[in-house]
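The values are calculated or read from the model by the stated rules, or taken from the named source; none is laboratory data. What you are looking at is a predicted structure, and each value in this text was computed from that prediction instead of being measured. So basically every Cβ, Gly included, is an ideal-geometry build from the backbone, and we count neighbours across all protein chains shown.
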Amino acid sequence: MRFIPKPHGEFKLRWQGDVFIVEYFDLWNDVTAHQLLEQSLPMWQSHQGKAWGLLSDARAWSGATPEAIEAWWKFFETGVQHGMIAFTGLLPSELHVRLVETLSQRAIQLVPYERSADMDAAFRWLAERGISGDEI
């Protein structure tokens, strides 16, 4: 019998204008992080090459395995290749900030990054970079 890993954790994806919003839930493994990329890619491609911003809402996220963190980085790099020009995130605690500190440092080498206090602040910060969260 072969062991087939199952996903742990969940996510929701949606566009709001030129903002790609990812909501993260529960504790993640790498299977879930790979699914995140698989499901995001066609959505990015449907955005037809227009520049966009990533809003990561991790307020309901419990954390991730090191493998999931690395797999999420692949999601991020691929997003940059498909038009992402800025990134903001909502994190529930300082512990979560520390969990993703290395990712944040890597991300800022590719696109501007800001930790936002709430959704309104996130949309304002993205708007300052020319990314509209308004529905068309």
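Give me the residue from the range 68-95 that is in a helix (DSSP H, G or I) and among the β-branched types (Val, Ile, Thr) and, out of that set, surrounded by the most Cβ atoms within 10 Å (Cβ to Cβ). In this case the residue turns out to be ILE69.
Of all residues in the range 85-136, those satisfying the criterion of being of a type outside the set (A, V, I, L, M), more than 15 Å from the chain's Cα centre (by Cα) and more than 18 Å from PHE25 (Cα to Cα) are GLN109, ASP120, ARG124, TRP125, GLU128, ARG129, GLY130, SER132, GLY133, ASP134, GLU135.
For the range 1-28, a residue qualifies if it is among the acidic types (Asp, Glu) and at pLDDT 95 or above, and the qualifying residues are ASP18, GLU23.
Is it fair to say LEU41 is aliphatic (A, V, I, L, M), at pLDDT 95 or above and within 11 Å of the chain's Cα centre (by Cα)?
No, not satisfied.
Take the conditions (1) part of a loop (DSSP other than H, G, I, E, B); (2) crowded, with 16+ Cβ neighbours inside 10 Å; (3) out of contact with any Asp or Glu (no Cβ under 9 Å at 6 or more places or on another chain); GLN48 misses just one of them, which is (2). Of the residues in the range 96-103, none is surrounded by fewer than 17 Cβ atoms within 10 Å (Cβ to Cβ) and part of a strand (DSSP E or B).
Of all residues in the range 104-136, those being of a type in the set (Lys, Arg) and buried (at least 18 other Cβ atoms within 10 Å of the Cβ) number 0. For the range 31-53, a residue qualifies if it is free of Cβ contacts under 8 Å to residues at least 40 places away in the same chain and of a type in the set (A, V, I, L, M), and the qualifying residues are VAL31, LEU36, MET43.
Within the range 10-23, residues that are in contact (Cβ under 8 Å) with a residue 40 or more places away in the chain reach partners that are part of a loop (DSSP other than H, G, I, E, B) and hydroxyl-bearing (Ser, Thr, Tyr) with beta carbons closer than 6 Å, at six or more positions or on different chains, in the pairs GLY17/SER132; ASP18/SER132. Look at (1) assigned to a helix (DSSP H, G or I); (2) surrounded by fewer than 17 Cβ atoms within 10 Å (Cβ to Cβ) and you find that ASP26 fails only one, number (1).
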